[in-house]
Amino acid sequence: MGGLRTAISFLAISTNKLIINIGATYWGSKIKTKTKAQNTSLQQTYANRMDIEGLNVLLFKPLNEKNFFIAQINADASYISNDDTWQLTNPSLTFYGSAIYGWKKGDRRMLGVGVSRTYRLGRPLFIPILLYNETFNNRWGIESLLPAKAHLRYTISPTKMLLGGYELEGQQFDLGASTNFLQRGEIKPRLMYEQKIIGAFWTSIQLGYRLNGRFNFVDRYNGKEKNEIFTNEFGLAPYFNIGIHFVSP
């Protein structure tokens, strides 16, 4: 499996009372296999890209010197067409987001609790979430939004960082002419190395494993376990990712 990801975001509003960030993403991936699938939905998946085009809005609202509110809203068009063409239909749209109430414990620690509607394991779920970010000293820190992701951070120098942890990923895909949907979810334990190249440009390298959380077909838009018509059990697979980032000063 291979693919390409791009993301862009910018500050729409930045004041002492409100920060709003707007972003857009694209994630395209494809499976290469010599195995001929017997299931028609799996045939369509193997023959075409899994595309996600998304828009997101992030709001950060300080309530006072110690408390804050964070809200994020996402809208994606997620689909597997029959000819790798762009597709935007009502069945391909998914909406999700989160809301967090938090406490700032000094300059080095942030805590927050909230709720999220997510597709990170392929199926729509409402779950409680915990935000915990802390810098312990000049070298060590932690960045986490549980249960979605968590990373221990080690700062080698101001321009080099090493992180270790995991992230849950996933989405639901509309299968074009079919009435079925693919629910894909992955668990990724990983190591990440980030380094400044020049100016505002950074590079990142990820090494880890892809654990199959869900790769099943359902016959309902918000299909639950009872709506599954075909299931897959892929094995553990190593993966790597190389990225270039432009970080605004």
> When you scan region 70-88, how many residues do you find that are open to solvent by 50 Å² or more (accessible area, probe 1.4 Å) and either touching a Leu at 6+ places or on another chain (Cβ under 6 Å) or modelled with pLDDT under 95 (or both)?
Replying inline: 6
>> Which pairs turn up if I take residues in region 223-245 that are over 24 Å from residue 118 (Cα atoms) and look for partners that are among the β-branched types (Val, Ile, Thr) and open to solvent by 90 Å² or more (accessible area, probe 1.4 Å) with beta carbon separation below 9 Å, at least 6 apart in sequence or on another chain?
In response: 244/197
> Only one of these conditions is not met by residue 215: (1) more than 23 Å from residue 38 (Cβ to Cβ); (2) touching a strand residue (DSSP E or B) at 6+ places or on another chain (Cβ under 9 Å). Which number is it?
Replying inline: (1)
>> Looking only at region 97-120, filter to residues that are assigned to a loop (DSSP other than H, G, I, E, B) and over 20 Å from residue 54 (Cβ atoms); which one of those is least open to solvent (accessible area, probe 1.4 Å)?
In response: 106
>> Quick check on region 156-172: of everything there that is touching an Asp or Glu at 6+ places or on another chain (Cβ under 8 Å) and either farther than 19 Å from residue 203 by Cα or charged (D, E, K, R) (or both), which residue is least open to solvent (accessible area, probe 1.4 Å)?
In response: 171
>> The conditions are (1) open to solvent by 50 Å² or more (accessible area, probe 1.4 Å); (2) assigned to a strand (DSSP E or B); (3) under 27 Å from residue 212 (Cβ atoms), and residue 58 fails exactly one of them. Which is it?
In response: (3)
>> As an exercise: evaluate residue 142 against (1) modelled with pLDDT of 95 or more; (2) over 23 Å from the mean Cα position of the chain (by Cα) and give the number of the one condition it does not meet.
In response: (2)
> Exactly one of (1) surrounded by fewer than 17 Cβ atoms within 10 Å (Cβ to Cβ); (2) more than 21 Å from the chain's Cα centre (by Cα); (3) not in a strand (DSSP E or B) is unmet by residue 176. Its number?
Replying inline: (1)
> Restricting the first residue to region 24-52 and requiring it to be open to solvent by 70 Å² or more (accessible area, probe 1.4 Å), which pairs with a second residue that is among the hydroxyl-bearing types (Ser, Thr, Tyr) and in a strand (DSSP E or B) meet a Cβ separation below 9 Å and a spacing of at least six or different chains?
Replying inline: 49/29
> Among 123, 153, which is the only one that is within 30 Å of residue 107 (Cα to Cα) and crowded, with 19+ Cβ neighbours inside 10 Å?
Replying inline: 153
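The values are calculated or read from the model by the stated rules, or taken from the named source; none is laboratory data. It should be emphasised that the depicted structure is a prediction, and the values quoted were computed from it without experimental measurement. As a convention, Cβ positions derive from the backbone with ideal geometry for all residues, glycine included, and neighbour counts pool all protein chains shown. Side chains included, ligands, DNA and RNA excluded: accessible areas come from the protein's heavy atoms. Shrake-Rupley method; radii C 1.70, N 1.55, O 1.52, S 1.80 Å.
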